[in-house]
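Got a structure for you, written out below as structure tokens; questions coming shortly.
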Amino acid sequence: MDSQDVTNMYLTNLLSQDPQLDPTYVRGTNFTPEEDKLLVSAWLNCSLDAVQGTDQKHSQLWEKNFEYFQQFKETTTEQTIKSIIHRWSVIQKATNKFCAKLAQVERLNQSGMTDQDKFDKAKVMYQALEKCSFQFEHCWHLLKDQPKWIWRTTKEDPKRRKTMSPSPTPTRCSGATIDLAFDMEADEVMENEVIELDRPIGRKAEKGKQKAQGRQAEENFQLRKMKYTLLEESRAQEKEFYRMKAEKMEYDKEKEEKKLRLEDERLRLEAEKMRIEAEKEKNRIRQEDKRLRLEAAKVELAKKESDQRIMMMDVSVMPEMQRLYFQQLQREIISRRNTS
């Protein structure tokens, strides 16, 4: 069976499961933005795993999407597997159209336009085409950087048919084709363009990639380990350096403090010595003063005794000259006594 037959069978199967074509379909509760984002997360986690999801059928894929959705939802509302398939087709269709408009804006490459300006202009173009605003910006932010949603646009010959189709080889993920042929009003979405979705990596390539990544991770780990070891050694050396520096500073501090203590002791002893010397000098002066007073007292006593002897002399029996001398002395003694 060639790839075209597979694609036709897939489209027939998917259309047969379209809730809008199923007469037994009962519309579920409206989806909240958080449920939309959870649905996108389910699709990304379950459909883009090249190793774990290999050989999944369409029904198995959506069963896993539904299980993921049910496991992580935070609301109490109930959604059926058909309702999330229908919701995904609505999100996919609207987001693809918006991406096409955004690609048109980016190709214009107008100077001075920021990314936000381009985004806003694409929203205006989308609204002009669809007669309603783009409702899935919250989904677009999750999908825009995924390989399956990176648009590749190339200028085509005007004679080529205007088309919106998947790659010649159907885009597969997890072993099953999961994207519809883009039947989204192709002429209105993009002119003279072929829009393709990147083909996810296969199982063997993915395992090889993971093995290479494992080797690279091991090399990176060993490199980080070596860097960490060198860093630890450097830190240990730096720590030892600062420890020795701190010890030296402490030693210098103690040495300086000891020097100051010795200087203080020397000054104290010098001051004590000076105090003792001063005290000695004071005592010497007191002793000298006392001695001088005693000497003066002795002199005064001796003088008094001398004066007393002179005053007691009988000058009448003395020769004339001697008598006159002692009389003069007696008068001086009397005069000194009277004035003292």
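Coordinate-derived values only; no laboratory data. Since this is a predicted model, take the numbers as computed values, not measurements. Positions of Cβ are backbone-derived with ideal geometry, glycine not excepted, and every protein chain shown enters the neighbour counts.
Less than 13 Å Cβ to Cβ from Val124, Lys/Arg counted +1 and Asp/Glu -1: what total charge do the surrounding residues give? All intermediate terms of the calculation are to be shown ahead of the outcome.
Working: positive: Lys101, Lys118, Lys121, Lys123, Lys131; negative: Asp117, Asp120, Glu130.
Cβ neighbours under 13 Å give a net charge of +2.
Ok, one more. Residue by residue, what Karplus-based ³J(HN,Hα) values in Hz, rounded to whole numbers, does the stretch 121-136 have, using 6.51, -1.76 and 1.60 with θ = phi - 60° and x for Gly and Pro?
Once rounded to whole Hz, the list reads 5, 4, 5, 5, 5, 4, 5, 5, 6, 8, 6, 7, 6, 6, 9, 10.
Using label points projected 7 Å from each Cα along Cα→Cβ, tell me how many nm separate Glu263 and Tyr325, to one decimal.
7.5 nm
Within 10 Å of each candidate Cβ there may be at most 14 other Cβ atoms; applying that plus a DSSP loop requirement, which GluC sites (Glu not before Pro) in the stretch 62-139 survive? Walk me through the numbers on the way to the answer.
Details: sites: Glu63, Glu67, Glu74, Glu78, Glu106, Glu130, Glu137; in loops: Glu74, Glu78.
Those satisfying the criteria are Glu74, Glu78.
Is the C-alpha gyration tensor of the stretch 217-340 telling us rounded, prolate or oblate? Criteria: a/c under 1.5 is rounded; beyond that, a/b larger than b/c is prolate, otherwise oblate.
Numbers: a/c = 13.75, a/b = 11.56, b/c = 1.19.
Judged from the Cα gyration tensor, the stretch 217-340 comes out prolate (a/c at least 1.5, a/b above b/c).
Next question, about the same structure. Read phi for every residue in the stretch 290-302 and hand back ³J(HN,Hα) as whole Hz from Karplus 6.51 cos²θ - 1.76 cosθ + 1.60, θ = phi - 60°, with x for Gly and Pro.
Ordered by residue, 3J(HN,Hα) equals 5, 4, 5, 5, 5, 4, 5, 5, 4, 4, 5, 5, 5 Hz.
Tell me, what ³J(HN,Hα) does each residue in the stretch 57-62 have, in order and in whole Hz, if you take phi through Karplus 6.51 cos²θ - 1.76 cosθ + 1.60 with θ = phi - 60° and put x for Gly and Pro?
Whole-Hz 3J(HN,Hα) from phi for the stretch 57-62: 7, 4, 5, 5, 4, 6.
Additional query: The stretch 237-335: which GluC sites (Glu not before Pro) are DSSP loop and have at most 10 other beta-carbon atoms within 10 angstrom?
On the way: sites: Glu238, Glu240, Glu247, Glu250, Glu254, Glu256, Glu257, Glu263, Glu265, Glu270, Glu272, Glu277, Glu279, Glu281, Glu288, Glu295, Glu300, Glu305, Glu320, Glu332; in loops: none.
Passing sites in the stretch 237-335 do not exist.
For the pairs Lys280/Lys303; Lys93/Lys121; Lys64/Lys93; Lys144/Lys207; Lys57/Lys144; Lys37/Lys57, flag any whose C-alpha to C-alpha distance is greater than 27 Å. Write out the running numbers ahead of the final one.
Details: Lys280/Lys303 34 Å; Lys93/Lys121 19 Å; Lys64/Lys93 21 Å; Lys144/Lys207 25 Å; Lys57/Lys144 25 Å; Lys37/Lys57 23 Å.
Distance filter (> 27 Å) returns Lys280/Lys303.
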